Amino acid sequence: MGERKAERDAEFQLFVTTAWPRLSRTAFLLAGDRHTAEDLVQTTLEKTYAAWGRVRRTDDPYAYVRRILLNEQAGRFRRRLPEFLVPAVPERPARDVYDRADDRAGLLRALAALPPRQRQAVVLRYWEDLSETQAAAAMNCSVGTVKSQASKGIAKLRAAAARNGLTRVGGAV
């Protein structure tokens, strides 16, 4: 029995080593900040380890784990503490040679502001490059829902880009 556990643990460790970068990027795009993303991936991998016997027998273990990640992110969004308004908006510095970095930060803020389902659809379709069918399976919804949520999400990102003077979002200004 000890040999089986050692073999199972080695297999899980190999999976984690190869999946960690991709899971971390996806979690960052879903969560909006690096620290929350790392916590999200860690929790996802804890749950994956507990279910590794089932996960490793699936056709696509990464798809199974991505589903756990999406469920965790949705749960965290529901448990999120309210944000408090401040009496004055901080001043924004004048635009300079670092405009592209500002554009990226603005885009990430706009992505973080999307509702969870729209953010999931946008990340899965345009970052993970999943088909509509694959994204629907990952989100546990219909293809039509993926289409509408991704469309609404991209429209909101474009509107945010226009409001903030960003250069490009999704191939359009």
Checklist entry - Along the stretch 123-133, what does the Karplus equation 6.51 cos²θ - 1.76 cosθ + 1.60 (θ = phi - 60°) give for ³J(HN,Hα), rounded to whole Hz, x for Gly and Pro? => result 5, 5, 6, 9, 9, 6, 6, 7, 6, 4, 5
Next on the checklist: I need the peptides 108-120, 5-17, 139-151 ranked by packing, meaning the mean over residues of other C-beta atoms within 10 angstrom, with the highest value on top.
Outcome noted: 108-120, 139-151, 5-17
Next on the checklist: Please give me the summed charge of the neighbours of Thr145: other residues whose Cβ is under 13 Å from its Cβ, Lys and Arg +1, Asp and Glu -1.
Outcome noted: +3
Checklist entry - Using 1/(1 + (r/R0)^6) with R0 = 30 angstrom and r between the beta carbons of Lys147 and Arg104, what's the FRET efficiency to the nearest 0.05? => result 0.70
Checklist entry - Which distance in nm do the two modelled labels at Ala51 and Arg4 give, with both placed 7 Å along the Cα-to-Cβ direction? => result 2.1
Item to check | the stretch 1-80, dipole about Cα centre (Lys/Arg Cβ +1, Asp/Glu Cβ -1), debye to the nearest 20 | outcome: 340
Checklist entry - Counting only the heavy atoms of the protein chains, how much of Ile154 is accessible to a 1.4 Å probe, in Å² to the nearest 10? => result 30
Next on the checklist: Using 0.36 nm times the number of residues separating Asp33 and Tyr126, minus their current alpha carbon distance, what extension gain do you get?
Outcome noted: 31.6 nm
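The values are calculated or read from the model by the stated rules, or taken from the named source; none is laboratory data. These numbers come from a predicted model, not from an experiment. As a convention, Cβ positions derive from the backbone with ideal geometry for all residues, glycine included, and neighbour counts pool all protein chains shown. These accessible areas exclude ligands, DNA and RNA; they are computed on the full protein's heavy atoms, side chains included. Shrake-Rupley method; radii C 1.70, N 1.55, O 1.52, S 1.80 Å.
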